[in-house]
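The structure appears below as structure tokens.
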Amino acid sequence: MFSVLSYGRLVARAVLGGLSQTDPRAGGGGGGGDYGLVTAGCGFGKDFRKGLLKKGACYGDDACFVARHRSADVLGVADGVGGWRDYGVDPSQFSGTLMRTCERLVKEGRFVPSNPIGILTTSYCELLQNKVPLLGSSTACIVVLDRTSHRLHTANLGDSGFLVVRGGEVVHRSDEQQHYFNTPFQLSIAPPEAEGVVLSDSPDAADSTSFDVQLGDIILTATDGLFDNMPDYMILQELKKLKNSNYESIQQTARSIAEQAHELAYDPNYMSPFAQFACDNGLNVRGGKPDDITVLLSIVAEYTD
């Protein structure tokens, strides 16, 4: 029914919920040791009901990756633009190739933790120079935890995004980037005859942020299939079920969030965040928004090799 992407089994002394710390060094920014992320993921392709689930870290036209380097933990999500299917192009090829390229760059150490836009830029340039023709468009969100500085560096292009939750409250979140209603910023590769016609944004247009994190902080990174169907308060209710920082608990919560968003997406009577946004733009819309859903749920923990 679902596919789970797992990564890492780090040791954490953070006690979630009230964010109390048993590590005596932890206070303010947390302890003095290196930090890491314990991450689990879950997703659905919107064609799930037709039995069309793809193998690997792709859910429909969404794609994601989680990668570890000695200097940082890095993860990302991307949402392939479905409109390309009308031209005979598989939208998942672009998003999947972009995320796989980002993952490889991280594993090879070809990145600077404080510059997630650089990861996107280098990956996009590789796609442009790819000998195998690739067409398509995608949003992208990259999250980097610098182990030593305990800082989170993010880059978000389009309407995927992230939340950072501490003590049951959202303390940081990405800003959605839209050209106009339901038309997010996106990286694109178009055929020569369509260049200048197809919407295409530069990786430099991504919104970039950097901030300190603490042990026990919860980081939720997802495509718009989650945020268009679940408002913050619902997400926070699910996160309250996360009682500790072991991998199994994180996996269960990620699965619960993805499943609830998937159910709401097919509820015709539900006033979803997407439907509310549509109404704000003068459209008479109600119900969830059937879409691919990718959720990566992470806990900031003490890093162990």
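The values are calculated or read from the model by the stated rules, or taken from the named source; none is laboratory data. As the structure is a computational prediction, the values presented were derived from the model and not from experiment. With ideal geometry, Cβ positions are generated from the backbone for all residues, glycine too; neighbour counts draw on all protein chains shown. Surface accessibility is based on the protein's heavy atoms, side chains included, excluding ligands, DNA and RNA. Shrake-Rupley method; radii C 1.70, N 1.55, O 1.52, S 1.80 Å.
Just a few scattered comments:
- Nearest-ten-degree value, helix 116-128 long axis tilted from longest Cα axis of the chain: 30
- Accessible area per residue in Å² at 1.4 Å probe, computed on region 64-222: 40
- Between the C-alpha center of region 235-305 and that of region 171-232 there is a gap of 16 Å.
- Simple point charges give the picture: +1 on the Cβ of Lys and Arg, -1 on the Cβ of Asp and Glu, and for region 208-282 a dipole about the Cα centre of about 260 debye.
- Sorted peptide list for 267-276, 147-156, 70-79, criterion being average Cβ within 10 angstrom, highest first: 70-79, 147-156, 267-276
- Sum of -39500 (n - 2.57) over DSSP H runs of 4+, divided by residues of the chain (222 nm, nearest 500): -7000 deg cm²/dmol
- Global geometry of region 194-286, whether rounded, prolate or oblate, following the gyration tensor of its Cα atoms and the 1.5 cut on a/c: oblate
- Charged side chains reduced to their Cβ positions (Lys and Arg at +1, Asp and Glu at -1) give the chain a dipole of some 960 debye around its Cα centre.
- Contour minus Cα-Cα distance for residue 210 and residue 266 (0.36 nm per residue): 16.6 nm
- Taking a Cβ cut-off of under 14 Å around residue 189, the surrounding Lys, Arg, Asp and Glu residues balance to a net charge of -4, with basic ones at +1 and acidic ones at -1.
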